[in-house]
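Asker: The structure under discussion is supplied below as structure tokens; questions concerning it will follow.
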Amino acid sequence: MSGAGLGSTANTCAIIRTHYSTLEGAALAYDSYFSWKNWDHYLGIQDESGNAKFYDTGVLVIKPKSFDLSKYLELHDQLSIPYETWDYKKLLERMPHFVDDSFFPPKRYDDPTFSDPPTDKVNPQIIFFPTGGYINDAILSVHNVQRAAENKGGKFLFNKEVMKILQFDNKVTGVELSDGEVIEAKAIVNAAGPHSFIINRLAGIEEKMKIKTRTLRQEVHFVPSPGEFSYEEKGIVVSDGDAGGYHRPETGNLILVGSEDPACDTLEWVDDPDQYNQEVTDDQFKAQVSRLSKRIPNLPIPNKQQGIVDLYDVSDDWIPIYDATDLDGFYLAIGTSGNQYKNGPVIGQLMAEIIDACEQGHDHDKEPVKVKMRHIDYNLDAKIFSRKREVIENSTFSVLG
Ligand SMILES: Cc1cc2nc3c(=O)[nH]c(=O)nc-3n(C[C@H](O)[C@H](O)[C@H](O)COP(=O)(O)OP(=O)(O)OC[C@H]3O[C@@H](n4cnc5c(N)ncnc54)[C@H](O)[C@@H]3O)c2cc1C
């Protein structure tokens with residue numbers, strides 16, 4: 001198969017949400033939200049395959065009592081991103097199939113204390129962010145972008161592998177493909193997803209980066225909606241840090257169940273992104289689905305496990321790298337750490353402005369480019385996405401999509 005969006009994006013959960021632990025992260029996501037909301041306008045074309053749809057369901061965030069939500073809310077206040085605070089009553093009115101008990105810390109199904117009765121409730125500050133949701137078809141959304149780019153003169157080449165980054169005098173000159181073809185270029189962007197570290201090694205720049213990337217295997221599962229609540233009609237995106245997972249409606253009145261990588265799960269780092277187990281495992285299916293069944297006691301658990309497996313391209317602090325490099329003309333849009341699909345609309349703008357500035361001789365390392373967001377009143381300092389930054393300690397070091 002060949003086409004746009006068939007890398008790890010093909011298996012993204014495509015959740016659009018604004019709550020991030022840094023101001024820059026929240027700003028990128030909120031600015032992108034407006035492009036998803038007005039997708040046809042953003043594209044400026046109608047794809048012959050149809051344009052992807054944004055399900056503007058909102059995102060509910062449930063945390064344990066120990067979690068301080070004020071940091072998220074301060075960032076939202078600074079950016080004027082709307083949110084509602086729900087109490088237990090409102091939670092159970094809107095999500096009557098839920099229980100409001102706390103299951104923190106999340107456990108695995110085979111933990112001897114997994115079925116112990118809960119002794120507390122979730123954090124009484126339950127936050128609903130109305131400016132979020134999910135995209136119905138991630139591959140279609142990237143096909144839409146391909147058509148929009150072609151409409152402006154962009155060209156796409158599929159089923160070819162970059163084998164060499166050609167360079168002369170510390171400046172890129174092009175790439176060499178697996179069939180020997182050479183494509184000359186003054187600027188090259190590494191956007192190779194989970195293969196990003198391989199391309200950095202080809203370019204010979206990996207050792208000069210303070211922040212590096214590696215690949216993490218992830219499973220996402222599907223289960224039916226509980227009989228009394230149709231996710232197709234009333235479902236919303238839920239980030240349930242208290243129970244250790246996230247979920248959202250999926251086509252066919254299903255629920256898509258993802259993990260927020262709680263401490264009880266072992267992270268599965270992958271050395272070779274072309275060699276990993278692409279099958280859903282019984283163990284992880286049970287772990288993720290049984291945690292959701294705590295929040296939704298009537299959750300039907302099918303015998304036949306359905307789901308998808310793919311890789312995150314994770315940076316050392318789970319914050320992406322959007323940057324120039326020590327090799328002139330070689331740029332990075334990597335380390336998307338399982339959460340940057342939503343920012344696609346604005347990353348294009350960010351990268352274009354970094355590249356334009358650097359190609360005109362600007363030193364982005366010394367004076368990072370500032371990018372004026374198109375939809376919100378915010379000037380983004382791209383410094384936070386530098387490959388040369390120190391690890392950002394207030395990152396969550398995990399994601400929910
Ligand atoms: C299971 C899962 C769930 C996720 N959920 C969410 C979510 O809910 N919300 C969200 O915002 N984000 C989410 N993400 C993250 C998001 O999907 C990624 O950040 C994003 O899709 C990465 O896009 P990309 O274009 O950088 O990489 P990719 O889509 O992986 O594309 C990289 C491309 O580079 C190509 N390539 C690699 N090496 C070479 C080479 N040598 N020559 C030529 N081509 C090459 C690959 O074939 C591929 O086509 C999720 C990710 C996963 C895996």
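Asker: Does V257 satisfy the condition of being in the same structural domain as V99 (by TED's automatic domain parsing), more than 15 Å from R291 (Cα to Cα) and hydrophobic (A, V, I, L, M, F, W, C)? Talk me through it step by step, then tell me what you get.
Answerer: Working: in the same structural domain as V99 (by TED's automatic domain parsing): yes; more than 15 Å from R291 (Cα to Cα): no; hydrophobic (A, V, I, L, M, F, W, C): yes.
It is false that V257 is in the same structural domain as V99 (by TED's automatic domain parsing), more than 15 Å from R291 (Cα to Cα) and hydrophobic (A, V, I, L, M, F, W, C).
Asker: Please work out if D179 is charged (D, E, K, R), surrounded by fewer than 11 Cβ atoms within 10 Å (Cβ to Cβ) and away from the ligand (no atom under 15 Å from the Cβ). It would help to see each step written out before you state the result.
Answerer: Working: charged (D, E, K, R): yes; surrounded by fewer than 11 Cβ atoms within 10 Å (Cβ to Cβ): yes; away from the ligand (no atom under 15 Å from the Cβ): no.
For D179, the condition - charged (D, E, K, R), surrounded by fewer than 11 Cβ atoms within 10 Å (Cβ to Cβ) and away from the ligand (no atom under 15 Å from the Cβ) - is not met.
Asker: Now for a different question. What is the number of the single condition among (1) within 14 Å of the ligand (Cβ to nearest atom); (2) over 18 Å from V99 (Cα atoms) that I205 does not meet?
Answerer: That leaves (1) as the condition not met.
Asker: Quick check on this structure: which one of P262, P300, P273 is surrounded by fewer than 14 Cβ atoms within 10 Å (Cβ to Cβ) and either of a type outside the set (A, V, I, L, M) or on the phi < 0 side of the Ramachandran plot (or both)?
Answerer: Working: P262 fails: surrounded by fewer than 14 Cβ atoms within 10 Å (Cβ to Cβ); P273 fails: surrounded by fewer than 14 Cβ atoms within 10 Å (Cβ to Cβ).
Step by step, each of P262, P300, P273 is checked, and only P300 is surrounded by fewer than 14 Cβ atoms within 10 Å (Cβ to Cβ) and either of a type outside the set (A, V, I, L, M) or on the phi < 0 side of the Ramachandran plot (or both).
Asker: Out of the residues in the stretch 287-337 meeting the condition of being more than 16 Å from G245 (Cβ to Cβ) and touching a Leu at 6+ places or on another chain (Cβ under 7 Å), tell me which one is nearest to the ligand (Cβ to nearest atom).
Answerer: Among those residues, the one meeting the criterion is L311.
Asker: Quickly run through the stretch 356-397 and pick out the residues that are free of Cβ contacts under 8 Å to residues at least 60 places away in the same chain, part of a loop (DSSP other than H, G, I, E, B) and touching a helix residue (DSSP H, G or I) at 6+ places or on another chain (Cβ under 8 Å).
Answerer: Within the stretch 356-397, H364, P368, V369 qualify.
Asker: State which residue pairs qualify: first residue under 16 Å from V59 (Cβ atoms) and inside the stretch 336-348, second residue β-branched (V, I, T) and near the ligand (Cβ under 6 Å from one of its atoms) in any location, beta carbons under 6 Å apart, and separation of 6 or more residues or different chains.
Answerer: These pairs meet every condition: Y341/T12.
Asker: Any idea which residue in the stretch 203-217 is farthest from T325 (Cα to Cα), counting only those that are charged (D, E, K, R) and in a helix (DSSP H, G or I)? Write out each step before concluding.
Answerer: Going through the stretch 203-217, the residues charged (D, E, K, R) turn out to be 206-208, 210, 212, 214, 217.
From what is left, the residues that are in a helix (DSSP H, G or I) are 206-208.
Numbers: E206: 10, E207: 11, K208: 8 Å.
The selected residue is E207.
Asker: On the phi < 0 side of the Ramachandran plot, surrounded by fewer than 16 Cβ atoms within 10 Å (Cβ to Cβ) and within 16 Å of the ligand (Cβ to nearest atom), is that true of A352? If you could, list the steps in order and put the result at the bottom.
Answerer: Values: on the phi < 0 side of the Ramachandran plot: yes; surrounded by fewer than 16 Cβ atoms within 10 Å (Cβ to Cβ): yes; within 16 Å of the ligand (Cβ to nearest atom): yes.
So A352 fits the description; yes.
Asker: Also: Only one of (1) within 21 Å of the chain's Cα centre (by Cα); (2) surrounded by 22 or more Cβ atoms within 10 Å (Cβ to Cβ); (3) not β-branched (V, I, T) fails for A287. Which number is that?
Answerer: Tallying (1) within 21 Å of the chain's Cα centre (by Cα); (2) surrounded by 22 or more Cβ atoms within 10 Å (Cβ to Cβ); (3) not β-branched (V, I, T), A287 fails exactly one: (1).
The values are calculated or read from the model by the stated rules, or taken from the named source; none is laboratory data. Worth saying up front: this structure is predicted, and the values here are computed from it rather than measured. Ideal geometry is used to build each Cβ from the backbone, glycine not excepted, and the neighbour counts take in all protein chains shown.
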